[in-house]
Amino acid sequence: MALTREQLIDAAVGVLSEFGLADLSMRRLARELDVQVGALYWHVKSKQELLVDVAAKLLDSVPRPTTPTPSLAPLSIAALLRQLRSALIAVPDSAEVMQLAQSMRPESLDPMGWLLDFLKIAGIPETDATFARHVLVNHLLGSIASHQEAVALSAGAEPEPVSTEWEESAFDYGVRVILQGLALEHRAGA
């Protein structure tokens, strides 16, 4: 049976989820899929291109939210960011993979487009909405990376377990502060 792009992406997600980005090599994927390395390059031009597809696959579990009214857009933005965090936080190095995908092909990440749409619905002008999305995504990915680093540091040691409740509260607080700042800026400029 011939290898498909979907099988390659699924195998890459599996290796990333179990072992992290450092162990996600094209050679390892070829071994996992029992093919020659060259067969992988039939489906993707580079590992970076594969990682963009992996990022999109990691976000597949996030359903498209209902388009909000302008007054409810901030709540929808916060809810979407929580869903993105939940989808990514358990996958080692997902923040790094998402950052790469954002840099290479942001249009391939549907939830990032939804986030931009919701910011515009909230009354943020397009140029500022792009900047606002950048700030919110950096907060999201920073929160995930911080959590994953704490988990990695505590592996095999006896320190206190990572407080997910505190982390979630801190994440929500950051989102709230960013959105309130945007609202203030655009109310004052109106």
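With a probe of 1.4 Å, find how much accessible area the chain has per residue, and write the answer as a whole number in Å².
Averaged over the residues of the chain, the accessible area is 56 Å².
Tell me which aspartates and glutamates have Cα within less than 14 Å of Lys45's Cα, excluding those fewer than 8 residues away on the same chain?
Asp53
To the nearest 20 debye, what is the magnitude of the charge dipole of the range 43-106 about its Cα centre, counting +1 on the Cβ of each Lys and Arg and -1 on the Cβ of each Asp and Glu?
So the dipole magnitude of the range 43-106 works out to roughly 100 debye.
For the chain, with only Lys/Arg (+1) and Asp/Glu (-1) charged at the beta-carbon, what is the dipole magnitude about the Cα centre, in debye rounded to 20?
520
In percent, how large is the relative contact order of the range 42-174, given Cα pairs closer than 8 Å and 6 or more residues apart?
Rounded, it is 29 percent for the range 42-174.
Percent of accessible area on the chain owned by carbon and sulfur, 1.4 Å probe?
55
Per DSSP helix of 4 or more residues, -39500 (n - 2.57); summed, then divided by the residues of the chain. What does that give at 222 nm, rounded to the nearest 500?
The helix contribution divided over the chain gives -22500 deg cm²/dmol.
Based on the mean of other Cβ atoms within 10 Å per residue, sort peptides 17-27, 43-53, 116-126 so the most packed one is first.
116-126, 43-53, 17-27
For the range 82-190, what class follows from the C-alpha gyration tensor (a ≥ b ≥ c being the square roots of its eigenvalues): rounded when a/c is under 1.5, otherwise prolate if a/b is larger than b/c, else oblate?
Oblate, since a/c reaches 1.5 and b/c is not below a/b.
The values are calculated or read from the model by the stated rules, or taken from the named source; none is laboratory data. Since the model is a prediction, treat every value here as computed from it, not as a measurement. Counting neighbours? That spans all protein chains shown, and the Cβs are built from the backbone with ideal geometry, glycine included. Heavy atoms of the whole protein, side chains included, go into the accessibility calculation; ligands, DNA and RNA do not. Shrake-Rupley method; radii C 1.70, N 1.55, O 1.52, S 1.80 Å.
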